[in-house]
Amino acid sequence: MRVIHSPVQAEHTYRHEVVSGLPVPAYEVPARAAAIRDALERDGRHRLAEPRGWGLGPILAVHDADLVGYLEGAWAEWVASGRAARRTAIVPDTFLLAGYRGAMGEASRPVAPEGRIGYWCFDTMTPLMEGTYRAARAAVDVAVEVAEAVLDGERAAYGLCRPPGHHAARGMFGGYCYLNNAAIAAEWLVRRSRMRVGILDVDVHHGNGTQAIFYERADVAYASLHSDPQRLYPYFSGSAEETGEGPGLGATLNVPLAMGTDDDAYLMALERAVDWLLDRTDGPLVVSLGLDTFEQDPLGDLAITHDGFRRCGELVAGAGRPLVIVQEGGYAVAGLGEAARQWLAGVDARAAAHRPE
Ligand code: SP5
Ligand code: ZN
C-alpha cells in the first residue's frame with residue numbers, strides 16, 4: 001500500500017499537556033508516528049513517500065480563514081510580545097463558552113494573546129508551539145496526497161498524519177488537533193469526484209470536529225464508533241441521538257460503545273456502521289484511523305487486540321470502496337506500530353482476495 005508521511009510533522013513536539021489543571025507528560029508525541037513508520041517500513045509490503053505541498057486551498061474549503069491565520073501567527077505573536085520567554089508552548093486559560101455572551105451577541109475578536117488563544121482553542125490539552133502550524137500543514141498535505149492517490153486509482157492508501165485532526169472544527173481547535181485532516185480529505189474528494197463520500201471514524205474518541213463540519217451536509221455521511229462520551233473525552237457530543245440537521249438529517253451516525261468492548265462486539269458494530277455508510281454514499285470512504293481503541297491504550301477504555309485490528313481492516317476493505325485512511329489517535333506507543341501494521345495488512349489481504357487475476 002502507498003504510505004504517505006512527512007518529517008516536518010515531528011517539529012510539533014511539546015513536553016506537557018494540562019489535564020484537570022496539572023501538567024502531565026504529553027501523550028501526542030512524535031514517537032507515535034516514528035513507531036508506525038518503523039513498523040510499516042519493516043513490514044516491507046508498503047511504499048513510503050512524502051507528500052507534495054497542496055497549499056491553503058484544501059484547508060480553506062473546510063476551515064475559517066481566521067482560525068488558519070491565527071494558527072499561522074500565534075507563536076510569533078507570543079514571542080513578539082515577550083510572553084514566550086521561559087516557555088516552549090502556550091495553552092489557553094480563559095475560554096469563550098456559548099453562555100458567556102448570551103443575549104449580548106457575538107464577542108468582538110479579542111486582542112490580547114491570552115484572549116486570542118482562548119477564543120480559538122477549546123481545551124488545555126492542545127499546546128501550541130513554534131513548529132505546530134508547519135506540522136499541522138504537513139499533516140494536511142499528507143491527507144490530501146492520500147486522497148489524490150485514491151482519485152488516481154489506488155484501492156487504498158494510508159496517511160501517517162500527525163498531529164491528528166478529528167477534534168478540530170471549522171473555527172476551533174483542540175483534542176491534540178489543529179486542522180481536520182480527514183474532513184479536508186473528504187471535502188477534497190467531494191469536489192474532485194462529485195460523489196457522496198463517507199467518513200468512518202474509528203478513533204476511541206468521538207470526532208466532534210468532523211461531525212460539526214458536515215452536520216448539515218447530505219453529500220458527506222459521517223459514522224463514528226467511540227467510547228460513550230458519558231465516560232470519555234470530548235464529553236459534549238457523540239450520542240446516538242445526534243443524526244444530523246437540515247439537509248444533513250440522517251447523514252450522521254454515532255455508535256457509543258460500552259467500556260471494555262472486545263473484538264467480536266466491536267466488529268459487529270463496525271459492520272453496522274460500514275453498511276450504513278454504503279447505503280448513503282457512492283464514493284470513497286475516508287477512514288479516521290484512531291488506534292486508541294487498543295486494549296493497552298492509556299486514554300481509551302475499549303479492548304481491541306492486534307488481531308482485532310487486522311479483522312477491522314479486512315471488514316472495511318470488504319466494502320469494496322476506495323479507502324483514504326488517515327491516522328488519528330493511538331497512544332500506547334509500544335503496541336502502536338503493530339496495530340497500524342495489522343489494520344493495513346487486513347486491508348491488503350482483502351483487496352488481494354478481490355483482485356480478479
Ligand atoms: C485525537 C485524539 O485521540 N485526541 C484525544 C484527546 C484526549 N485528551 C484527553 C486526555 C485526558 C487524560 N486523562 C488521563 C487519564 C489517564 N488514564
Ligand atoms: Zn482519540
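The values are calculated or read from the model by the stated rules, or taken from the named source; none is laboratory data. Every value quoted in this text rests on a predicted model; they were computed, and no experiment measured them. Neighbour counts run over all protein chains shown; Cβ positions are idealised from the backbone, glycine included. The protein model used for the area step is the full one, side chains on, heavy atoms only, and it has no ligands, DNA or RNA in it. Shrake-Rupley method; radii C 1.70, N 1.55, O 1.52, S 1.80 Å.
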> Looking at this structure, is residue 244 open to solvent by less than 50 Å² (accessible area, probe 1.4 Å), without any contact (Cβ under 8 Å) to a residue 60 or more places away in the chain and out of contact with any Pro (no Cβ under 7 Å at 6 or more places or on another chain)?
Replying inline: yes
> Are there any pairs, at least 6 apart or on different chains, whose C-beta atoms fall under 7 Å, with the first in the stretch 94-117 and touching a residue at least 40 places away in the same chain (Cβ under 8 Å) and the second open to solvent by less than 50 Å² (accessible area, probe 1.4 Å) and in a loop (DSSP other than H, G, I, E, B), and if so, which?
Replying inline: 116/110; 117/92
> Which of the residues belonging to the stretch 163-173 are out of contact with any Phe, Trp or Tyr (no Cβ under 9 Å at 6 or more places or on another chain) and open to solvent by less than 10 Å² (accessible area, probe 1.4 Å)?
Replying inline: 166
> Hey, any hits in the stretch 289-300 for a residue that's away from ligand 1 (no atom under 16 Å from the Cβ) and either buried (at least 18 other Cβ atoms within 10 Å of the Cβ) or not in a helix (DSSP H, G or I) (or both)?
Replying inline: no
> For the subset of the stretch 76-102 comprising residues that are open to solvent by less than 40 Å² (accessible area, probe 1.4 Å) and in contact with a helix residue (DSSP H, G or I) (Cβ under 7 Å, 6 or more places away or on another chain), which member is modelled with the lowest pLDDT?
Replying inline: 84
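Only one residue in 257, 253, 225 is aliphatic (A, V, I, L, M) and more than 16 Å from ligand 2 (Cβ to nearest atom). Which one? Can you show your working first?
Numbers: 257 fails: more than 16 Å from ligand 2 (Cβ to nearest atom); 225 fails: more than 16 Å from ligand 2 (Cβ to nearest atom).
None of the others qualify; the one that does is 253.
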> Which one is least open to solvent (accessible area, probe 1.4 Å), of the residues in the stretch 115-143 that are touching a helix residue (DSSP H, G or I) at 6+ places or on another chain (Cβ under 9 Å) and among the acidic types (Asp, Glu)?
Replying inline: 141
> For the stretch 233-263, how many residues meet the condition of being within 16 Å of ligand 1 (Cβ to nearest atom) and either among the β-branched types (Val, Ile, Thr) or more than 22 Å from the chain's Cα centre (by Cα) (or both)?
Replying inline: 1
> Do you know which residues across the stretch 301-339 are surrounded by fewer than 19 Cβ atoms within 10 Å (Cβ to Cβ), part of a loop (DSSP other than H, G, I, E, B) and either touching a Leu at 6+ places or on another chain (Cβ under 8 Å) or not hydrophobic (A, V, I, L, M, F, W, C) (or both)?
Replying inline: 301, 305, 318, 319, 320
>> For the stretch 132-165, give me the residue count where each residue is part of a loop (DSSP other than H, G, I, E, B), among the aliphatic types (A, V, I, L, M) and more than 23 Å from residue 314 (Cα to Cα).
In response: 0
> Restricting attention to the stretch 192-212, does a residue exist that is without any contact (Cβ under 8 Å) to a residue 60 or more places away in the chain, small (Gly, Ala, Ser) and farther than 20 Å from residue 282 by Cβ?
Replying inline: yes
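Which residue, of 146, 190, 197, 220, is away from ligand 2 (no atom under 16 Å from the Cβ) and open to solvent by 10 Å² or more (accessible area, probe 1.4 Å)?
The unique qualifying residue is 190.
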> Quick one: is residue 305 under 19 Å from residue 230 (Cα atoms), of a type outside the set (D, E, K, R) and either in the same structural domain as residue 340 (by TED's automatic domain parsing) or within 16 Å of ligand 1 (Cβ to nearest atom) (or both)?
Replying inline: no
